[in-house]
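Q: I am attaching a structure below and will ask some questions about it afterwards.
The values are calculated or read from the model by the stated rules, or taken from the named source; none is laboratory data. Here the structure is a predicted model, which means the values were calculated and not measured. Every residue, glycine as well, gets a Cβ built from its backbone with ideal geometry; the counts of neighbours run over all protein chains shown.
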Amino acid sequence: MKECLKFYINGEWVDPAEPKTLDVINPATEEPCAKISIGSKKDVDKAVAAAKKAFDSYSQMSVDDRIALLTKITEVYQSRYGEIAEAITMEMGAPAKLAQMAQAAMGVAHLGTTIQILKDYKFEEQRGTTTLRKEPIGVCGFITPWNWPMNQIMCKVAPALAAGCTIVLKPSEEAPLDAYILAEIFDAAGVPKGVFNLVNGDGPGVGSAISSHPDIDMVSFTGSTRAGILVAKAAADTVKRVAQELGGKSPNIILDDADLQKAVTGGVLGVMQNSGQSCNAPTRMLVPAGKHDEALKIAKAAAESVKVGDPNAEGTTMGPVVNEVQYNKIQALIQ
């Protein structure tokens, strides 16, 4: 069993302020696959202090140097690509092919897009007699979910690094292993001390400490509406900037002139991908009343083509849901 008991703060792997551990459960086996430390406000304070100190110099780094840093991160990421995919499969049950082709791939995609945008981004421009200058916000606190762990981490972290911000990251305690590898990647790539900091923990402990911290200038949260409300309330007293993506699945509306076979099949398979654990999964399909029976037959055939099983087995297209809590919630909704 892998042990990830240290936090990455100020360019070093450090012990938590207070020893407290949590088993990471492999949902395919329902057995522990790793052990992490659960952080506290003291750990967040230490990480924020490091990020605040690093901001003074990192925010002044040239665009060319930030491009070079992101390029180096991409290079090291590619060398650890297989490990990242395996970690995502192990921690949240994504089928191996999905983890390889999509979950881990999104890290590279976000880095690549960020680099391309940064090359031509106008941080300063003239508007008449006014100079408009865009400056980094400061210390950013990022709280990320378990369903697309690397995607949600990198879509926050890469732009922050590009802008000249420093970071304190709390990944989901359900799926923290890919984030641990990412911290190792940043260390190997030469990210300056204090620019990126990783503190594992839960929402009530580390999440609330990040949201309410007076020296964090912006918090970005992806997750449930319930937790999002708590983040917004905790952030309000310090008037920090708050960015939230609280998900929510949308209806899939199929009109009369659509190719019914293609639309229904694509809709059903879109739901099944990632075990339905995507905020864009089109879980409510609306079809013309006159085509209901035909659509039902197509949907049944599409659902029967899905192969449920061990996420590491050849041909599996749907693995387990992330944990017992989610499983029970799904069963209750079905009933």
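Q: Please identify the pairs in which a residue from the stretch 271-290 that is over 11 Å from SER250 (Cβ atoms) and at pLDDT below 95 has its Cβ atom under 6 Å from the Cβ atom of a residue that is polar (S, T, N, Q) and not in a helix (DSSP H, G or I), counting only partners at least 6 apart or on another chain.
A: Partner pairs satisfying both residue conditions: VAL271/THR283; GLN277/ASN147.
Q: Could you say which residue among CYS155, CYS165 is in contact with a Pro (Cβ under 7 Å, 6 or more places away or on another chain), of a type in the set (A, V, I, L, M, F, W, C) and touching a residue at least 12 places away in the same chain (Cβ under 8 Å)?
A: Just a single option satisfies the conditions, and that option is CYS165.
Q: In a loop (DSSP other than H, G, I, E, B) and polar (S, T, N, Q): does that describe ASN328?
A: The answer is no for ASN328.
Q: Which of the helices (runs of 4 or more DSSP H) found entirely inside the stretch 192-311 contain at least 1 residues meeting this: on the phi < 0 side of the Ramachandran plot, surrounded by 19 or more Cβ atoms within 10 Å (Cβ to Cβ) and outside the structural domain of TRP146 (by TED's automatic domain parsing)?
A: Of the helices (runs of 4 or more DSSP H) lying wholly inside the stretch 192-311, those with at least 1 residues that are on the phi < 0 side of the Ramachandran plot, surrounded by 19 or more Cβ atoms within 10 Å (Cβ to Cβ) and outside the structural domain of TRP146 (by TED's automatic domain parsing) span 260-272, 292-304.
Q: Name the single residue, out of those in the stretch 152-168 being out of contact with any Ser or Thr (no Cβ under 7 Å at 6 or more places or on another chain) and among the aliphatic types (A, V, I, L, M), that is surrounded by the fewest Cβ atoms within 10 Å (Cβ to Cβ).
A: Residue satisfying both the conditions and the ranking: ALA163.
Q: Tell me which residues, restricted to the stretch 141-169, are assigned to a loop (DSSP other than H, G, I, E, B), farther than 18 Å from SER224 by Cβ and either outside the structural domain of SER57 (by TED's automatic domain parsing) or among the hydroxyl-bearing types (Ser, Thr, Tyr) (or both). Talk me through it step by step, then tell me what you get.
A: We begin by selecting, within the stretch 141-169, every residue assigned to a loop (DSSP other than H, G, I, E, B); these are 144-148, 164-165.
Add one more test, that the residue is farther than 18 Å from SER224 by Cβ, and what stays is 164-165.
Within the stretch 141-169, no residue meets the criteria.
Q: Could you check how many residues of the stretch 96-125 are buried (at least 17 other Cβ atoms within 10 Å of the Cβ) and not in a helix (DSSP H, G or I)?
A: Qualifying residue count for the region: 1.
Q: On to the next question. Of all residues in the stretch 60-80, count the ones that are surrounded by fewer than 16 Cβ atoms within 10 Å (Cβ to Cβ), touching a residue at least 24 places away in the same chain (Cβ under 8 Å) and among the hydroxyl-bearing types (Ser, Thr, Tyr).
A: 1
Q: Of the conditions (1) aliphatic (A, V, I, L, M); (2) without any contact (Cβ under 8 Å) to a residue 40 or more places away in the chain; (3) touching an Asp or Glu at 6+ places or on another chain (Cβ under 7 Å), MET1 clears all except one; give me its number.
A: MET1 satisfies all of (1) aliphatic (A, V, I, L, M); (2) without any contact (Cβ under 8 Å) to a residue 40 or more places away in the chain; (3) touching an Asp or Glu at 6+ places or on another chain (Cβ under 7 Å) except (3).
Q: Any residue that is touching a helix residue (DSSP H, G or I) at 6+ places or on another chain (Cβ under 9 Å), within 22 Å of ILE210 (Cβ to Cβ) and either among the aromatic types (Phe, Trp, Tyr) or assigned by TED's automatic domain parsing to the domain that holds LYS156 (or both) - is there at least one of those in the stretch 65-84?
A: The answer is no; no qualifying residue exists.
Q: Which numbered condition in (1) buried (at least 18 other Cβ atoms within 10 Å of the Cβ); (2) of a type outside the set (Gly, Ala, Ser); (3) more than 19 Å from ILE185 (Cα to Cα); (4) touching a residue at least 60 places away in the same chain (Cβ under 8 Å) is the only one that PRO149 fails?
A: All conditions are met except number (3).
Q: Of the numbered conditions (1) buried (at least 19 other Cβ atoms within 10 Å of the Cβ); (2) free of Cβ contacts under 8 Å to residues at least 60 places away in the same chain; (3) over 11 Å from the mean Cα position of the chain (by Cα), LEU132 fails exactly one; give the number of that condition.
A: Going through the list (1) buried (at least 19 other Cβ atoms within 10 Å of the Cβ); (2) free of Cβ contacts under 8 Å to residues at least 60 places away in the same chain; (3) over 11 Å from the mean Cα position of the chain (by Cα), LEU132 breaks only (1).
Q: Any idea which of ALA54, ALA28 is assigned to a loop (DSSP other than H, G, I, E, B) and either surrounded by fewer than 20 Cβ atoms within 10 Å (Cβ to Cβ) or over 20 Å from the mean Cα position of the chain (by Cα) (or both)? Write out each step before concluding.
A: Values: ALA54 fails: assigned to a loop (DSSP other than H, G, I, E, B).
Among ALA54, ALA28, only ALA28 is assigned to a loop (DSSP other than H, G, I, E, B) and either surrounded by fewer than 20 Cβ atoms within 10 Å (Cβ to Cβ) or over 20 Å from the mean Cα position of the chain (by Cα) (or both).
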